[in-house]
């Protein structure tokens, strides 16, 4: 059954109170039958019937009353966007299966149907290593036909979206503000680029919602929910990226992680994910190999899988890299064998190997590392 215009407006009003979780809103809808009926109640009735505190009920009704829903619709449409409602036309079906599907989504741009989506997330305090890793992985994935999903935050998110925009490929940004308020402000041009290249900017929050701290962990469930798997590039032990990874695991998705130096705080979270069973990412092929077979069939991976033919960069090797090259010799070696010969621990070695791959010093095929020909 289609929603009336009046019910859509009422849904936007009750959706505006972000402190009441979506599952509680669903519960109220089940009790009262519609958003319009909810708004007819007084705080005492909502508190008693909905089993919420009187104070929460009062704040909820105050916030709902303050939202000018008609203006929300008008302003969203003026940006070329739209608002979709749970279970109705345009609403992403994959979100119906997550914990707390949002009642409404504000969308600027477009969401491609049956897209091969991969979430790439990580720290805002990105290191030079993280920048190189995120840029290379994102570019290879975007050029292969994967739609990259991230959060438009500083650091890894910005690198990921920028790689897609640079290569004229679509990318989806799930933001922790309203779609009329891009944050951080320096990413406004990037946001326009996302829309220009066929991507989308998505939020469950009202049009002008500010960047409150509580908004960002909640939007992470949507990043995971719109993706087929999640890749964490860099992340501290208690970073938002690890929250996204946790939510992905709860949704039954695979989580992959990029290894990093053991002395880097930004790699503590990713290295721990690998230790706890997350698949290790050494190049974009590892990510594509983890996708469902039906999605891989539509991707353009010929150039990616021929990447080992690219000439290596002539760069000076440091002491650790020199030891690794000596261990590999003229043949090919597994990570375990290289670790045995160099004395490096696996986590630290994995980060070094990845860095050497980025610089085309070595390549990996079937789990074995070999030197590129200069």
Protection proxy ranking, peptides 280-288, 106-114, average beta carbon neighbours within 10 Å, highest first:
280-288, 106-114
Applying a 10 Å radius around every beta-carbon, put 26-37, 198-209 in order of their mean neighbour count, most first.
198-209, 26-37
With T = 20 °C, eta = 1.002 mPa s and Kirkwood Rh from C-alpha pairs, the Stokes-Einstein D of the stretch 1-160 in µm²/s is about 118
Which distance in Å, rounded to a whole number, links the C-alpha centroids of the stretch 70-135 and the stretch 207-231?
8
Where does each of 39-47, 255-263 land if you order them by average Cβ count within 10 Å, highest first?
255-263, 39-47
Which three semi-axes in whole Å describe the equivalent ellipsoid of the stretch 109-305, each the square root of 5 times a Cα gyration tensor eigenvalue, listed largest first?
22, 20, 15
Along principal axes, Cα extents of the stretch 1-67, largest first, whole Å:
32, 23, 20
What is the P(r) of the chain, as percent of Cα-Cα pairs per 10 Å bin from 0?
5, 23, 29, 21, 12, 6, 3, 0
In degrees rounded to 10, the 0-90 angle between helix 22-32 Cα long axis and the longest Cα principal axis of the chain is 30
In what sequence do 97, 316, 157 fall when counting other Cβ within 10 Å, fewest first?
316, 97, 157
Which order results if 293, 233 are arranged by neighbouring Cβ count within 10 Å, fewest first?
293, 233
Relative contact order (percent, whole number), the chain, Cα cutoff 8 Å, 6+ residue spacing:
13
Degrees, to the nearest 10: 215-225 long Cα axis against longest axis of the chain:
70
In degrees, nearest 10, range 0 to 90: what is the angle between the Cα axis of helix 319-328 and the longest Cα principal axis of the chain?
70
Sequence of 223, 194, 358 once ranked by neighbouring C-beta atoms within 10 Å, starting from the fewest:
358, 194, 223
Cα centroids of the stretch 1-43 and the stretch 338-374: how far apart, whole angstrom?
55
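Quick note: the coordinates plus some simple rules give every number you see, no bench work behind them. No experiment lies behind these values; they were computed from the predicted model shown. Heads up, the Cβs are rebuilt from the backbone with ideal geometry, glycines too, and the neighbour counts pull from every protein chain shown.
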